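Report on the following structure.
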Amino acid sequence: MAEFLINSGWNATLAQIVASALGAVVLSSFGLVWIIFSIWLERKFAGRVQDRIGPNRTGPYGLFQTFADLGKLLTKEDITPVGADKHVYNFAPILAVAGILAIFAVIPFNHAWIGADLNVGVLYFVAVGSLATLAILLAGWSSNNKYALLGAFRAIAALVSYEVPMILSLAVPVMLAGSMSMQDIVKGQSIAYIFVVPVSALIFFISQLAEVGRSPFDLIEAESEIIAGFNIEYSGMKFAMFYAAEFIHAFVICILTAVLFLGGWRGLGAGEPGYELFGFFMLMAKSVAVYALVMLVRSTLPRIRIDHMMAFNWKFLVPLSIVNLLVVMFLARPFVPDYAAAEALVAQGGLAGLIGAIFGAGFIAELPRAVVLLVANVIMFIVATQLLHRYGEAQRAKLGMRSVQPVRAAAMASD
Amino acid sequence: MLPLNAFLIVGALLFCIGMYAVLARRNAVAILMGIELMLNAVNINLVAFWRYLTPGTAATAEGLQVGMAGQSFAAFVFVVAAAEVAVGLALVISVYRNRRTVIAEDVDTLRY
Amino acid sequence: MEAEFGQWFIFGLFTVFIIGGGIGTATSRNLFHCALWLIISLFGVAGFFVLLAAPFLAAVQVLVYIGAIVVLIIFAIMLTRRLMGLREAPNSQWIYGLLGAIVTFGVIVLGLVLASTGSAPLLPSQPISQITGESLRDLGIALVDVNQYVVPFIVASLLLEAAMVGAIVIAREDE
């Protein structure tokens, strides 16, 4: 882009600036346009799961429902409550959207399309994500409303705590790829990391769900408890911005999960040059698959209580992620993939040559590490779920409830 | 290119603003914020000096070995700042609980 | 020439952030606004780190300072809620504080001017050209290298641990 402008006689610095600005506009409008579709998708999906039809009046299959809602929100009165901290109150929704959109800058859509391939990409998106936390805090405080403040309290407590397991599980792909650049992490995944370190992927996914405030962690905005929480006073377009920010964030976490653990734009030959667009669709397909999981969780699981949420984080996720980090650290070190040796092995032919021809040389290079880590992860997962199960049983015993075990046994006996 | 002085002057100005905040504010939390400003001024200086005068930069067999004293020190300042603010705020909350105030001048039992 | 102008422009922008935010922090009557000014100032410092080819520190600055420290401060402000709306006046010695700050600034600037003028200036006007943003790996190695900073690094982690325990012990309610 910049080269084209320079060739057509532009000044080099100016061309660079214009190209960067255009890139930013394209990236952020992609996010904003996508949510129009994703809101419809989510409603339709939730409707189907809950045995309803979902939106079906506006346009074919209700596709234009979001536009109707947008029109409604635009025409609503824009209220700034009396006693609100005006500037902060108006700034908070902007920060919420901007903070989420800024994450798009480091997402590698294919091997060439990336806003900025920062060498601290992972750290960047964690840092930018914390701006969204700040937006919630500002909104809650400046509304001059008890419920808003309570909602902000809850949100901050939850978000700050769930950042701990998130960062600890993020360290795992960074360690495996040996880089904090998102592009390098994708390139390191000849075997998608979800098959190598599924426990990290799971922890990352859960903590990201909490970060977005999606069900079952949506008690940040629990209507029945604190009547929508931090955004209670917002109306019209400002409310729409919070709403949009939440939906973009929900999709961004799916893209991030796809990039960090599902191999990003790689797969089915999408890594080869000449298939740029295919890589983009590959990433989108993976993201939508993850998004389906998010939607399924949202439309089926009930909301959990705030103390349960915190206890789950501090007593289960954080210890598990620390153990996971240590295990990966010690096991991954002896098996650092040697890509050059793998290439040589493939060149020799035979079985290795065959596998190399199908999956690529990187697959062979990463195979030993993947197998070792996968076994360790499966063991870890079994132990962790067993511990959870014991804890649940103990809690039930304390409350004098019936154990699950006999019920299950009885069910089996009756079959 | 920007001269080193530019960064140092901004750092000095920020340090003095932080100093004024520490000396003039009555609220303990505001005093803590002043300390944060001073620590940030120090960090600007550390990184600026690292960028312009890095000691320990040497060409080795494996390529250029860049001395990392400035950035490492800045990282340690982050750690100290985090520790300081955690303990400081814990103290503020404890004082608030016992005396219902966060005004530094009102916490003067030690005077008597 | 133009590149130079661009650099000065960005430098000036971040300077406005830093100094404006700093002054706001020091003088705002509303404690919550102080914290917001502090965020602006810290953001400017992160920008300076980018200008100085230390992107890692910039990201850490946003993550640790804005994402953790300021959020913690705001949390503390909210917890001491009764004083949140308080219009706070500076204390009786503020004029001395102001004088002291101005004098300190004057002395530092004098020192800088003396050090950078004359026949053999101590302060360079050109950065070291070999350093680029790719120094991330070097920083990582420096922090765990036995010959460099591994001991301070471990001591720092112990300090954090101690501070965390200390904070919990101090702030917990008596039972």
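Points worth noting:
- Count of the range B:35-64 residues which are modelled with pLDDT of 85 or more and among the small types (Gly, Ala, Ser): 2
- Residues within the range A:106-136 that are under 17 Å from residue A:249 (Cβ atoms) and free of Cβ contacts under 8 Å to residues at least 60 places away in the same chain, tallied: 8
- Taken over the range B:12-38, the criterion of being under 11 Å from the mean Cα position of the chain (by Cα), closer than 19 Å to residue C:14 by Cβ and not charged (D, E, K, R) is satisfied by B:14, B:15, B:18, B:37, B:38.
- Test: residue in the range B:65-72 that is modelled with pLDDT under 75 and either surrounded by fewer than 17 Cβ atoms within 10 Å (Cβ to Cβ) or not small (Gly, Ala, Ser) (or both): yes
- Residue C:74 vs. criteria under 24 Å from residue A:121 (Cα atoms) and within 12 Å of chain A (Cβ to nearest Cβ): no
- Any hit, the range C:38-47, residues being over 13 Å from the mean Cα position of the chain (by Cα), at the interface with another protein chain (Cβ under 7 Å from one of its Cβ atoms) and more than 19 Å from residue A:155 (Cα to Cα): no
- Pair list, Cβ < 9 Å and 6+ apart or interchain, from the range B:22-49 residues that are assigned to a helix (DSSP H, G or I) to residues that are acidic (Asp, Glu): B:30/C:88; B:32/B:84; B:35/B:84; B:36/B:84; B:39/B:84
- Verdict on residue C:162 being surrounded by 12 or more Cβ atoms within 10 Å (Cβ to Cβ), at pLDDT 80 or above and either not assigned by TED's automatic domain parsing to the domain that holds residue C:23 or not charged (D, E, K, R) (or both): yes
- Looking at B:39, B:14, B:2, just one residue is more than 7 Å from chain C (Cβ to nearest Cβ) and under 22 Å from residue C:48 (Cα atoms), and that residue is B:39.
- Note on the range A:98-143: residues that are assigned to a loop (DSSP other than H, G, I, E, B) and more than 13 Å from chain C (Cβ to nearest Cβ) amount to 9.
- Selected residue (criterion: farthest from the other protein chains (Cβ to nearest Cβ)) from residues of the range C:1-23 that are buried (at least 19 other Cβ atoms within 10 Å of the Cβ) and not aromatic (Phe, Trp, Tyr): C:21
The rows are residues; the columns are (1) under 25 Å from residue A:104 (Cα atoms); (2) of a type outside the set (S, T, N, Q); (3) assigned by TED's automatic domain parsing to the domain that holds residue A:300; (4) in contact with a Ser or Thr (Cβ under 7 Å, 6 or more places away or on another chain).
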| residue | (1), (2), (3), (4) |
| --- | --- |
| A:25 | yes, yes, yes, no |
| A:39 | yes, yes, yes, yes |
| A:50 | no, no, yes, yes |
| A:53 | no, yes, yes, no |
| A:56 | no, no, yes, no |
| A:61 | no, yes, yes, no |
| A:72 | no, yes, yes, no |
| A:78 | no, yes, yes, yes |
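- If you check A:390, A:305, A:369 for being under 27 Å from residue A:215 (Cβ atoms), among the basic types (Lys, Arg) and in contact (Cβ under 8 Å) with a residue 12 or more places away in the chain, only one passes: A:305.
- Among the residues of the range C:90-102, those that are part of a helix (DSSP H, G or I) and within 9 Å of chain B (Cβ to nearest Cβ) comprise C:94, C:95, C:96, C:97, C:98, C:100, C:101, C:102.
- Restricting the range A:43-72 to residues that are surrounded by 16 or more Cβ atoms within 10 Å (Cβ to Cβ) and touching a residue at least 40 places away in the same chain (Cβ under 8 Å), the residue that is nearest to residue A:239 (Cα to Cα): A:70
- Of the residues making up the range C:48-63, those that are more than 9 Å from chain A (Cβ to nearest Cβ) and either part of a helix (DSSP H, G or I) or among the aromatic types (Phe, Trp, Tyr) (or both) are C:48, C:49, C:50, C:51, C:57.
- Selection of the range A:164-180 for residues being crowded, with 22+ Cβ neighbours inside 10 Å and either among the charged types (D, E, K, R) or in a loop (DSSP other than H, G, I, E, B) (or both) yields only A:180.
- Any chance residue C:77 is over 29 Å from residue B:67 (Cα atoms), modelled with pLDDT under 90 and surrounded by 21 or more Cβ atoms within 10 Å (Cβ to Cβ): yes
- Scanning the range C:134-170 for residues that are more than 8 Å from every other protein chain (Cβ to nearest Cβ) and part of a loop (DSSP other than H, G, I, E, B) turns up C:145, C:146, C:147.
- The range C:103-114 - residue that is touching a helix residue (DSSP H, G or I) at 6+ places or on another chain (Cβ under 7 Å) and aliphatic (A, V, I, L, M) and, of those, farthest from residue B:12 (Cα to Cα): C:112
The values are calculated or read from the model by the stated rules, or taken from the named source; none is laboratory data. Remember, predicted model here, so these are calculated numbers, not experimental data. Glycine also receives a Cβ, built like all others from the backbone with ideal geometry; neighbour counts cover every protein chain displayed.
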